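Scroll down for the structure; my scribbles are underneath it.
The values are calculated or read from the model by the stated rules, or taken from the named source; none is laboratory data. Note that the coordinates shown come from a computational prediction; the quantities given were computed from them, not determined experimentally. Ideal geometry is used to build each Cβ from the backbone, glycine not excepted, and the neighbour counts take in all protein chains shown. Surface areas here come from the heavy atoms of the whole protein model, side chains and all, with no ligands, DNA or RNA. Shrake-Rupley method; radii C 1.70, N 1.55, O 1.52, S 1.80 Å.
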Amino acid sequence: MTADAGARIQSGSAPARPTRALIREVGPRDGFQNEPEVIPTETKVRLIDALARTGLRRLEVTSFVRADVIPQLADAEQVLRRIDVPDGVSRSVLIPNERGLDRALHLRERFDEVNVFLSATESHNLRNVNRSVSESLAGCERVLRRARTEGLRCEGVISVSFGCPYEGHVDPERVFEIAERLAAAGAQEVGFGDTTGMANPVQVRGFFERARERLGGGDRVELTAHFHNTRGQGLANVYAALEAGIDSFESSFGELGGCPVPAGATGNVATEDLVSMLHEMGIETGIDLPALLACSRAAQYHLGRPLGSHTLVAGPIDWRQQWQRAR
Ligand code: ZN
């Protein structure tokens with residue numbers, strides 16, 4: 001894998017590093033879903049409403065999974081009904097299957113996008129949803145086609161795109177084939193998840209350079225990177241994706257959620273750490289970092305435990321203050 005990924009960097013014309021990046025906040029779904037306790041609906045609604053006023057343009061607000069499978073998100077309908085999100089902020093919901101779509105469509109006017117998901121490998125998909133990859137893909141295609149008919153924007157997310165805890169190496173070609181199927185069924189955006197934090201920056205850059213060639217570099221389908229900080233490489237992988245021309249990311253405020261395997265492992269890259277790094281690099285996000293930090297602080301208060309984000313602990317960089325201290 002690494003030899004091939006490394007070789008790719010040398011070849012082809014290097015895309016320009018983006019000057020703007022778009023971030024989808026996944027904490028209200030990915031984060032709240034992985035909390036051991038069920039967060040009260042009122043708290044979720046308040047946090048989502050606050051996140052929607054930070055300049056974030058994309059929010060994954062809940063999931064229409066079965067309540068007995070994920071009780072943490074059993075209040076999907078109430079959350080969708082009660083949130084108050086300004087115009088221009090896109091609300092997406094995770095849809096596991098057609099039954100989930102049926103449920104969501106009762107509130108069609110309360111959301112803008114659907115996200116469907118499957119894993120790149122048979123073992124991970126089987127353990128996650130008890131289906132083969134081709135069964136899941138067929139299900140995703142049915143949901144995507146119906147969702148597009150309803151005028152919804154669609155994203156397909158491919159878990160374990162960079163490495164699988166059960167199968168190890170994942171052939172990028174296999175991932176791109178799945179991405180092409182999702183795009184053909186109507187996904188305008190494909191997200192590539194490093195679900196258990198196995199990706200490294202050299203691999204990521206090679207992966208996305210190839211993905212842009214294969215999938216159209218954002219012209220045909222928007223390519224989104226979803227990294228986990230399981231082994232502390234999340235932001236390094238973001239940088240590698242930027243260098244490959246990727247400008248769309250998913251992350252979670254407070255570093256909430258992600259895949260808690262092994263138990264206690266951290267998951268998603270923290271949105272505030274991502275925003276801080278992008279702004280310091282001169283890449284615009286439109287997000288107000290102090291406002292975002294206030295959301296994470298509020299989540300920390302409600303959950304009653306310290307959250308993992310670095311910027312939440314250290315605060316945003318204040319160059320003037322640092323300079324005055326140094327004198
Ligand atoms: Zn995640």
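Tabulated data for the structure shown
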quantity	calculated
Top-ranked residue of the stretch 229-246 - restricted to ones that are buried (at least 22 other Cβ atoms within 10 Å of the Cβ) and at pLDDT 95 or above, ranked as nearest to the ligand (Cβ to nearest atom)	234
Some residue of the stretch 208-217 being within 17 Å of the chain's Cα centre (by Cα), away from the ligand (no atom under 16 Å from the Cβ) and farther than 13 Å from residue 270 by Cα	yes
Tally of residues being part of a helix (DSSP H, G or I) and aliphatic (A, V, I, L, M) across the stretch 33-48	3
Residues satisfying the stated conditions in the stretch 39-71, i.e. acidic (Asp, Glu) and either open to solvent by less than 10 Å² (accessible area, probe 1.4 Å) or closer than 21 Å to residue 284 by Cβ (or both)	60
Filter pass, residue 63 being of a type in the set (Gly, Ala, Ser) and modelled with pLDDT of 95 or more	yes
Only listed residue being open to solvent by less than 40 Å² (accessible area, probe 1.4 Å), touching a Leu at 6+ places or on another chain (Cβ under 6 Å) and not aliphatic (A, V, I, L, M), chosen from 136, 123, 90	136
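Residues are listed down the side, and each one gets a yes or a no for (1) of a type in the set (Gly, Ala, Ser); (2) farther than 19 Å from residue 226 by Cβ:
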{"residue": "122", "(1), (2)": "no, yes"}
{"residue": "155", "(1), (2)": "no, no"}
{"residue": "159", "(1), (2)": "yes, no"}
{"residue": "165", "(1), (2)": "no, no"}
{"residue": "186", "(1), (2)": "yes, yes"}
{"residue": "189", "(1), (2)": "no, no"}
{"residue": "195", "(1), (2)": "no, no"}
